[in-house]
Amino acid sequence: MSMMIVSAVVLVIIAWVYTRWKQVRHYWAKRRVPYLPPHPLLGSLTFLQKENPALWMRRVYEHFKEPYVGIWLFWRPALIINSTEIARNILTPSDANLFRNRFVTSGNTDPMGKYNIFAVKDPLWSRIRRCLTVLFTGSRLRALQNIITAKSKELVQRIEKDRQKTKFVDIRVIFTDFTTDIIGVACFGVANDATLTGDSALRSITKKLMSYSPFRALSWCSAFFFPELIDILRLKVIPTDCTESLRKILRNIIAQRGGYETKVTESKDLVDILLKMKQEGDDEDVDMNEDILLAQVVAFLQAGFDTTATTITFAIYELAYNPDIQDKLLKELQKAKEEHGDNILEIQVLSQLKYLNAVIDETLRKYPQLGWLDRTATVDYKIDDHLTITAGTPVYVNAVGMHYNPDYYPEPDRFNPDRFLPENVGNIKPFTYMPFGEGPRSCIGKRFGLYKSRTSVAAIILNYEVRPIANTPRPSEVELEKNGLFLSPGEVLYVEFIPRN
Ligand code: HEM
């Protein structure tokens, strides 16, 4: 008897799973949306841990050449947007108010993943974003100028030190030392010494944040594609020891500044801004507990060190393989040096250097850190006359696909900064270039990231000729990280630095 009951239950479960799977499988076909046939378990996510997601996005774009493509995150339908017009509607203010949230999130058991500005949902996001925006205003960046300039000079010294030890300088490591020092000042107002020494308290944390473990990979993939798993498996996007070390740093600095009650008169760094945000929250009865504050530290550290270090890495690597472009850049920098002397690394001066800016812009076209821009609508949303998506459907604007579309960027695999010179930039179609995203949820650190990239590349090229090392891959053959979600190198990149005088 009991055997019969078990068999009946199993049959019912199988029938339910089968019926559900049929519904899932036909979801996009029923709506006449071109789609990638889903895997019964993973949906369209069969590429995870096998291929860099940006490469996958690019392949989808090139394969379908359709305004949108239906995919599945496991069994959850989602939509990739390849059309610039639809991207504009979703990302820019007219409809962006309906798309204020990303799909990425975390669970209640992971406050660092759930409350950080990248993942947090409206209305808390609006409040946090409004407070944090002031960190990178023009005047704040000018205040950071001295430290960024000093660190760029230290970077030049560090290269000399490493160069004397070995011809093979791992460029991503030294650029990460550099960006970690700078984000340390921007967040905590504390100077670190990793650029010169390769180590510091904060650098130990960023080293851990960069290291791979299957638990971390599962945590990140869940946060991006299957957030329900976070609480079930008690996953954490930031390792607990990193969170606790950052908590200690944050508590110490707040105590040094007189505690949460001390009125903040001037916002020098992220901690000051967080204190202000907490005080405003208390006044208006909005909970801004320590975890919410710490989650912003985590977000700024994570977003601030790796994105920029990777951008500088790819820029220097491309320059090593493109000597003509490097020469052109050097000439521009030398001319600026004659004119401005030691002030050449100042924000105002660098922002005028058209070729330098074009080199960084082209680097970000070829290597956008995030291949896609993720959003969800708060209401059912009409994509076009044929398709309305239900509220909550994840939508991915295929930024990397557009960056490599030969109609927008002829010979897309060629590193060609001329595309971004002022005389050509008018040819770039809106919403085909989105390395920092677009609209209200675009990158808050754009100007900061650009400035750090420009300063370091300028300082390096003024002081060193960079050359490729024999038997290293050409830029377009560099293996990309398979285990991560961002577009970063999956192998160590070396160049040779030859002093200019
Ligand atoms: C070259 C360097 C960088 C690149 C390529 C980059 C790229 C991006 C992209 C593509 C997004 C998503 C935008 C969207 O969905 O529309 C983003 C968001 C963000 N970035 Fe950056 N980023 C860089 C540097 C930085 C830096 C230095 C910081 C801070 C220190 C930062 C902080 C953030 C934050 C907080 C968000 C989330 C904004 C929000 O949701 O309100 N980024 N970034």
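Please list, ordered by first then second residue, the pairs with beta carbon atoms under 9 Å, 6 or more apart or interchain, first in region 139-154 and under 14 Å from residue 459 (Cα atoms) and charged (D, E, K, R), second open to solvent by 40 Å² or more (accessible area, probe 1.4 Å) and assigned to a helix (DSSP H, G or I).
154/196
May I ask you to list the residues in region 440-461 that are among the polar types (S, T, N, Q) and either at pLDDT below 95 or within 12 Å of the ligand (Cβ to nearest atom) (or both)?
442, 453, 456
Taking residue 112 as meeting all but one of (1) modelled with pLDDT of 95 or more; (2) open to solvent by 20 Å² or more (accessible area, probe 1.4 Å); (3) away from the ligand (no atom under 11 Å from the Cβ), write down the number of the exception.
Against the list (1) modelled with pLDDT of 95 or more; (2) open to solvent by 20 Å² or more (accessible area, probe 1.4 Å); (3) away from the ligand (no atom under 11 Å from the Cβ), residue 112 comes up short only on (2).
Quick check: is even one residue across region 464-473 β-branched (Val, Ile, Thr) and touching a residue at least 40 places away in the same chain (Cβ under 8 Å)?
Yes, region 464-473 has at least one match.
Checking residue 274 against (1) touching a helix residue (DSSP H, G or I) at 6+ places or on another chain (Cβ under 6 Å); (2) within 24 Å of residue 482 (Cβ to Cβ); (3) not small (Gly, Ala, Ser), which test does it fail?
Status for residue 274: all satisfied but (2).
Condition first: outside any loop (DSSP other than H, G, I, E, B) and more than 16 Å from the ligand (Cβ to nearest atom). Now tell me which residues in region 265-300 satisfy that.
Listed by number, the residues that qualify are 275, 276, 278, 279, 280, 281, 282, 283, 290, 291.
Please tell me if residue 464 is more than 15 Å from the ligand (Cβ to nearest atom) and at pLDDT 95 or above.
Yes, satisfied.
With in a helix (DSSP H, G or I), under 30 Å from residue 210 (Cβ atoms), of a type in the set (Gly, Ala, Ser) and within 14 Å of the ligand (Cβ to nearest atom) as the only criterion, which of 320, 358, 303 stands out?
The unique qualifying residue is 303.
For region 377-391, give me the residue count where each residue is surrounded by fewer than 19 Cβ atoms within 10 Å (Cβ to Cβ) and closer than 16 Å to residue 31 by Cβ.
9
Restricting attention to region 405-432, which residues are aromatic (Phe, Trp, Tyr) and either open to solvent by 70 Å² or more (accessible area, probe 1.4 Å) or assigned to a helix (DSSP H, G or I) (or both)?
The answer is 420, and nothing else.
In the list 368, 422, 394, which residue meets the criterion of being in contact (Cβ under 8 Å) with a residue 24 or more places away in the chain, within 23 Å of residue 141 (Cβ to Cβ) and within 14 Å of the ligand (Cβ to nearest atom)?
That would be 368, the only listed residue that is in contact (Cβ under 8 Å) with a residue 24 or more places away in the chain, within 23 Å of residue 141 (Cβ to Cβ) and within 14 Å of the ligand (Cβ to nearest atom).
Working carefully through the options 442, 453, 476, find the one that is surrounded by 21 or more Cβ atoms within 10 Å (Cβ to Cβ) and not acidic (Asp, Glu).
None of the others qualify; the one that does is 453.
Could you pull out the residue among 64, 47, 74 that is under 23 Å from the mean Cα position of the chain (by Cα) and either hydrophobic (A, V, I, L, M, F, W, C) or on the phi < 0 side of the Ramachandran plot (or both)?
Only one candidate passes the filter, namely 47.
Looking at (1) within 12 Å of the ligand (Cβ to nearest atom); (2) open to solvent by 10 Å² or more (accessible area, probe 1.4 Å); (3) out of contact with any Pro (no Cβ under 9 Å at 6 or more places or on another chain), which is the only condition residue 332 fails?
Exception for residue 332: condition (1).
Enumerate the helices (runs of 4 or more DSSP H) found wholly within region 169-256, keeping only those where 1 or more residues are open to solvent by 40 Å² or more (accessible area, probe 1.4 Å), in contact with a helix residue (DSSP H, G or I) (Cβ under 6 Å, 6 or more places away or on another chain) and within 16 Å of the ligand (Cβ to nearest atom).
171-188
Looking at region 312-323, I want the residues that are of a type in the set (Val, Ile, Thr) and have a partner that is at pLDDT 95 or above and open to solvent by 10 Å² or more (accessible area, probe 1.4 Å) with Cβ atoms under 7 Å, at least 6 apart or on another chain. Which pairs are those?
Note: pairs meeting the criteria are 313/172.
Which residue pairs have Cβ atoms closer than 9 Å, lie 6 or more positions apart in sequence or on different chains, and pair a first residue in region 487-501 that is touching a residue at least 24 places away in the same chain (Cβ under 8 Å) with a second residue that is of a type in the set (Val, Ile, Thr) and assigned to a strand (DSSP E or B)?
Close Cβ pairs (under 9 Å, with a partner that is of a type in the set (Val, Ile, Thr) and assigned to a strand (DSSP E or B)) amount to 494/169; 495/169; 495/466; 496/169; 496/466; 497/169; 497/466; 498/466.
The values are calculated or read from the model by the stated rules, or taken from the named source; none is laboratory data. This structure is a prediction, so every number in the text was calculated from the model and none was measured. Glycine gets a Cβ as well: all are built from the backbone with ideal geometry, and neighbour counts include every protein chain shown. Keep in mind that these areas ignore ligands, DNA and RNA; they rest on the heavy atoms of the full protein, side chains included. Shrake-Rupley method; radii C 1.70, N 1.55, O 1.52, S 1.80 Å.
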